[in-house]
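What follows is a single structure, written as structure tokens, with notes after it.
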Amino acid sequence: MLELPDLPRSLTEFEQRFGDEDACAEYLVGVRWPDGFVCPGCGGGKAWRLESKSWIYECAHCGRQTSVTAGTIMHHSKLPLTTWFWAAYVMATQPNGISALQLQRELSLGSYKTAWLLCTKLRRAMAAPSRNLLSGLVEVDKTEISCRSKHDRAAGSGSSDLGKLVVVGAVEVQDLRLGRIRLSAMPDDSAVSLRAFLVSNLAPDATAQTSGASGAHNASARVQRIFSDLKVWALSVHHGLRRRHLQSYFDEFVYRFNCRRNRHAAFPALLGFVAGHPPTTYGMLVSPGAKV
């Protein structure tokens, strides 16, 4: 079992620890196979690392060759691991993350499309299906958020025809503190859609409290604070969110918020999700039926 290095607690420390491909690849091996190599073909646990190829393992049983990124969300990516790691670190740990345009500039990426694809894949990994449901007393409410289509001008550029979508949010109430949150774009403003959100995001024994609850005048005060922060972030970092990919932005916001008390652990956790997420192509993300 490979021993992983201590978690980086600053961008400077991160850059010192993961400054080259070998450092990133070695760490990723430990994240992907914490108990030792497992062949994706036959399940064998013994392999040789090929000296002639970069971080490729050959199974001793079936002979299948597997790279450290094969079968993950980084599958067939032409970007260096250092780029993946830097983007993951900034998106997971910095208070506001980073926009695709900023990422393109910071890393001198060849195109905005490349930067957008990198950010979108990382957002996809943030919504881990294994995350625990909200529990205890949970405030729930709805709001509307402005969004734009692909060809709309960004917010603040004089456009007045931005559309609005209904968003439902939930936050755990832990004494005087806010617990974990969930956000979801709703297909409509119906009770059926709200119930579907509650079933998908709240534990069966959780107590949902809404602004319509009897005697609960300020029942949604906490979740309204979440909505306010979300809208400020959407405008200041992304200059408005695109309608088609609204949920992926919500997942990013939720991930960072839920990791806010332990930010230095948010990065390795995200790498674990990245390593466990199946391959995702550009076509899958932009196809009409894509769930993003």
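The values are calculated or read from the model by the stated rules, or taken from the named source; none is laboratory data. On a predicted model such as this, the values are computed, not experimentally measured, just so you know. Quick reminder, even Gly has a Cβ in these numbers, built from the backbone with ideal geometry, and neighbours come from all protein chains shown.
Does Asp229 fit the bill of being at pLDDT 95 or above, part of a helix (DSSP H, G or I) and surrounded by fewer than 18 Cβ atoms within 10 Å (Cβ to Cβ)?
yes
With (1) touching a residue at least 12 places away in the same chain (Cβ under 8 Å); (2) under 21 Å from Tyr282 (Cα atoms) as the list, and Ser77 as the residue in question, which single condition is left unmet?
(1)
Quick grid of which residues meet (1) outside any strand (DSSP E or B); (2) under 25 Å from the mean Cα position of the chain (by Cα); (3) hydroxyl-bearing (Ser, Thr, Tyr):
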residue: Phe14; (1), (2), (3): yes, yes, no
residue: Ala23; (1), (2), (3): yes, yes, no
residue: Gly30; (1), (2), (3): yes, yes, no
residue: Val38; (1), (2), (3): yes, no, no
residue: Gly43; (1), (2), (3): yes, no, no
residue: Trp48; (1), (2), (3): no, no, no
residue: Ser54; (1), (2), (3): yes, no, yes
residue: Glu58; (1), (2), (3): no, no, no
residue: Gly63; (1), (2), (3): yes, no, no
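Checking Arg222 against (1) part of a helix (DSSP H, G or I); (2) in contact with a helix residue (DSSP H, G or I) (Cβ under 8 Å, 6 or more places away or on another chain), which single condition isn't satisfied?
(2)
Counting only residues that are more than 25 Å from Gly240 (Cβ to Cβ), part of a helix (DSSP H, G or I) and not polar (S, T, N, Q), how many does segment 70-113 have?
5
Among the residues of segment 114-146, which ones are under 21 Å from Met74 (Cα atoms), outside any helix (DSSP H, G or I) and among the small types (Gly, Ala, Ser)?
Passing the criteria: Ala127, Ala128, Ser130.
Among the listed residues Ala290, Ala213, identify the single one that is under 19 Å from the mean Cα position of the chain (by Cα), surrounded by fewer than 18 Cβ atoms within 10 Å (Cβ to Cβ), modelled with pLDDT under 90 and among the small types (Gly, Ala, Ser).
After applying the criteria, what remains is Ala290.
Tell me, please, whether a residue that is among the acidic types (Asp, Glu), free of Cβ contacts under 8 Å to residues at least 24 places away in the same chain and in a loop (DSSP other than H, G, I, E, B) can be found in segment 203-211.
No, because not a single residue in segment 203-211 is among the acidic types (Asp, Glu), free of Cβ contacts under 8 Å to residues at least 24 places away in the same chain and in a loop (DSSP other than H, G, I, E, B).
Looking only at segment 65-114, which residues are among the aromatic types (Phe, Trp, Tyr), out of contact with any Ser or Thr (no Cβ under 9 Å at 6 or more places or on another chain) and crowded, with 19+ Cβ neighbours inside 10 Å?
Result: Phe85, Trp86, Tyr89.
Any chance you could count how many residues in segment 251-283 are of a type in the set (Phe, Trp, Tyr) and under 10 Å from the mean Cα position of the chain (by Cα)?
3
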